[in-house]
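Peer 1: First the structure, which I've put down as structure tokens, then a few questions once you've had a look.
The values are calculated or read from the model by the stated rules, or taken from the named source; none is laboratory data. The structure presented is a predicted model; accordingly, all values stated were derived computationally and were not measured. Using ideal geometry, Cβ is built from the backbone for each residue, glycine included, and neighbour counts are taken over all protein chains shown.
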Amino acid sequence: MKVALSATSVLLATMLMCGSASGHGFGLSLVDNTIHAASEVPTISPHLFTEQFDSSSATEVFSDHGGVEADSGFNLPSDRLSVEFLGPLWYSGGGAAVHAVAGFTLNATSYDTSVVPSTVLGTVNITGSTPSPGSFPVAGNDDHSIGWILSGSSAIPAGVYGFAYRVTGTSGGGTPFESSVPLVVAFNTPDFTGADLTSAQQAVFNSALEGDFNRDGKLDAADIQEMLGALSDLDAYQSTHDALGGDMLAIGDIDRDGAVTNLDIQALLNLLPSTGSALQSVPEPRSSVLAVSAIAPCLLSIAVLTLNRKRGLCPK
């Protein structure tokens, strides 16, 4: 059966497969076997990349930016890199971010443009209802690009569309690298500008990282213990978990009062039941969440006691 390609698909594939485009995204470095990433267009965080879509029609927009490039520490092409998508497609029109509604899909295609014609390395579809969209390999060199096409069954609402991914990999000898922390890409539609744009980018960034204290790309009960440790020393947590810039507030300020405090523990507990199938690593998630919720007062007491001891307000 033949599959009909949209005009946008043909245009983007032609641009990338002819090696005429290599968009901005995240620069990668390998330090002590850990992958680090920094946005080439930094804003509120080095782990947020923002870009405007190009428009082809009322129901389709596209971009060739938002990929990754290995800058230092890697031995390409023997080292192997992949992009793992971590959650659903988020949308904000300037207010709180929500999952993109049904009928709208972001297609991501990985291209190796080091030769002409280029090779398609993989493709992934991201929607508002896909908690684990999948992964694909990336070339990681200067010629690598990811093509993105957002399409809808109706006109695409103006706003910001975003998602999170992390970079994984192995050395040429097969040793796994420690993956990068979650990285957020936020695309805005061409007609969306001004104060609403800034607010929407922040909202998408917050929702993509919210509550993921152990930075594994999943929101589950394991993040509660990590949160308690973080509250005892936020500076140490930010340093050891690469949560600098706006990351700390995005992850930990769950009640959105402008600070990360023990009050956010209950907000995280409230958030966990709504994650549904995203609670992948916790057996019997419903009972686990209920059990954690039942001891919420104890967790709050422990957190307060820990913080007070840290501040010298009570004896050890």
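Peer 1: Take region 37-77 and flag every residue that is over 19 Å from Gly194 (Cα atoms) and of a type in the set (Asp, Glu).
Peer 2: Residues satisfying the conditions are Glu40, Glu60, Asp64, Glu69, Asp71.
Peer 1: Moving on. Counting just the residues of region 223-232 that are closer than 27 Å to Ser39 by Cβ and among the hydrophobic types (A, V, I, L, M, F, W, C), which one comes out surrounded by the fewest Cβ atoms within 10 Å (Cβ to Cβ)?
Peer 2: Across region 223-232, the extreme among qualifying residues is Ala230.
Peer 1: I would also like to ask the following. When region 160-213 is examined, which residues are found to be among the hydrophobic types (A, V, I, L, M, F, W, C), closer than 30 Å to Val31 by Cα and part of a strand (DSSP E or B)?
Peer 2: Phe163, Ala164, Val167, Leu183, Val184, Val185, Ala186, Phe187, listed by residue number.
Peer 1: Within region 244-286, count every residue that is at pLDDT 85 or above, in a helix (DSSP H, G or I) and more than 12 Å from Ala221 (Cα to Cα).
Peer 2: 10
Peer 1: Name the residues in region 181-198 that are of a type in the set (Asp, Glu) and surrounded by 15 or more Cβ atoms within 10 Å (Cβ to Cβ), would you?
Peer 2: Within region 181-198, Asp196 is the sole residue that qualifies.
Peer 1: Within region 92-104, is there a residue that is in the same structural domain as Ile149 (by TED's automatic domain parsing), within 15 Å of Val167 (Cα to Cα), aliphatic (A, V, I, L, M) and touching a residue at least 60 places away in the same chain (Cβ under 8 Å)?
Peer 2: Within region 92-104 (the criterion being in the same structural domain as Ile149 (by TED's automatic domain parsing), within 15 Å of Val167 (Cα to Cα), aliphatic (A, V, I, L, M) and touching a residue at least 60 places away in the same chain (Cβ under 8 Å)), the answer is no, since none of the residues qualifies.
Peer 1: In region 211-223, is there at least one residue being farther than 30 Å from Glu60 by Cβ, touching a His at 6+ places or on another chain (Cβ under 7 Å) and among the acidic types (Asp, Glu)?
Peer 2: So in region 211-223, the residues farther than 30 Å from Glu60 by Cβ come out as 211-216, 218-223.
Right, trim to touching a His at 6+ places or on another chain (Cβ under 7 Å) and you get 215.
Still in the running and among the acidic types (Asp, Glu): none.
Checking region 211-223: not a single residue is farther than 30 Å from Glu60 by Cβ, touching a His at 6+ places or on another chain (Cβ under 7 Å) and among the acidic types (Asp, Glu).
Peer 1: If you don't mind, there's one more thing I want to ask. Considering each residue of region 155-188, count those that are of a type in the set (Gly, Ala, Ser) and in contact with a Gly (Cβ under 6 Å, 6 or more places away or on another chain), and give that number. If you could, list the steps in order and put the result at the bottom.
Peer 2: Of all residues in region 155-188, those of a type in the set (Gly, Ala, Ser) come to 155, 158-159, 162, 164, 169, 171-174, 179-180, 186.
From the residues that got through so far, the ones that are in contact with a Gly (Cβ under 6 Å, 6 or more places away or on another chain) too are 159, 164, 186.
Of the residues in that region, 3 qualify.
Peer 1: When both residues are 6+ apart or on different chains and their Cβ atoms are under 8 Å apart, which pairs have a first residue that lies in region 112-126 and is farther than 17 Å from Ile149 by Cα, and a second that is aromatic (Phe, Trp, Tyr)?
Peer 2: Once the first residue is farther than 17 Å from Ile149 by Cα and sits in region 112-126, its partners that are aromatic (Phe, Trp, Tyr) give Ser118/Tyr111; Thr119/Tyr111.
Peer 1: Which residue, of Ser92, Ser135, is in contact with a Gly (Cβ under 7 Å, 6 or more places away or on another chain) and modelled with pLDDT of 95 or more?
Peer 2: Residue meeting the stated conditions: Ser92.
Peer 1: When the residues of region 159-178 are narrowed to those that are surrounded by fewer than 18 Cβ atoms within 10 Å (Cβ to Cβ) and under 21 Å from the mean Cα position of the chain (by Cα), which ends up farthest from Glu51 (Cα to Cα)?
Peer 2: The qualifying residue farthest from Glu51 (Cα to Cα) is Pro176.
Peer 1: How do the strands (runs of 3 or more DSSP E) wholly within region 40-122 filter down when requiring 2 or more residues that are more than 26 Å from Gly246 (Cβ to Cβ) and within 19 Å of the chain's Cα centre (by Cα): which remain?
Peer 2: 104-112
Peer 1: Now for a different question. Can you find a residue in region 75-87 that is modelled with pLDDT under 95, over 21 Å from Val184 (Cα atoms), crowded, with 22+ Cβ neighbours inside 10 Å and in contact with a Gly (Cβ under 6 Å, 6 or more places away or on another chain)?
Peer 2: Looking through region 75-87, none of the residues is modelled with pLDDT under 95, over 21 Å from Val184 (Cα atoms), crowded, with 22+ Cβ neighbours inside 10 Å and in contact with a Gly (Cβ under 6 Å, 6 or more places away or on another chain).
Peer 1: Among (1) buried (at least 17 other Cβ atoms within 10 Å of the Cβ); (2) not aliphatic (A, V, I, L, M); (3) not assigned by TED's automatic domain parsing to the domain that holds Gly252, there is one condition Asp216 misses while meeting the rest; what is its number?
Peer 2: Just one mismatch for Asp216, condition (3).
Peer 1: Follow-up question, since we're still on this one. Please enumerate the residues belonging to region 214-232 that are assigned to a helix (DSSP H, G or I), of a type outside the set (Val, Ile, Thr) and over 10 Å from Ile251 (Cα atoms). Working first, answer last.
Peer 2: So in region 214-232, the residues assigned to a helix (DSSP H, G or I) come out as 222-232.
Now drop any that are not of a type outside the set (Val, Ile, Thr), which leaves 222-223, 225-232.
Ala222, Asp223, Gln225, Glu226, Leu228, Gly229, Ala230, Leu231, Ser232, listed by residue number.
Peer 1: So, Phe49, is that one surrounded by 18 or more Cβ atoms within 10 Å (Cβ to Cβ) and within 19 Å of Ser110 (Cα to Cα) or not? I'd like the intermediate steps shown before the answer.
Peer 2: Values: surrounded by 18 or more Cβ atoms within 10 Å (Cβ to Cβ): yes; within 19 Å of Ser110 (Cα to Cα): yes.
So Phe49 fits the description; yes.
Peer 1: Looking only at region 233-252, filter to residues that are surrounded by fewer than 16 Cβ atoms within 10 Å (Cβ to Cβ) and in contact (Cβ under 8 Å) with a residue 60 or more places away in the chain; which one of those is farthest from Ser207 (Cα to Cα)?
Peer 2: If we take residues in region 233-252 being surrounded by fewer than 16 Cβ atoms within 10 Å (Cβ to Cβ) and in contact (Cβ under 8 Å) with a residue 60 or more places away in the chain, then Asp233 is farthest from Ser207 (Cα to Cα).
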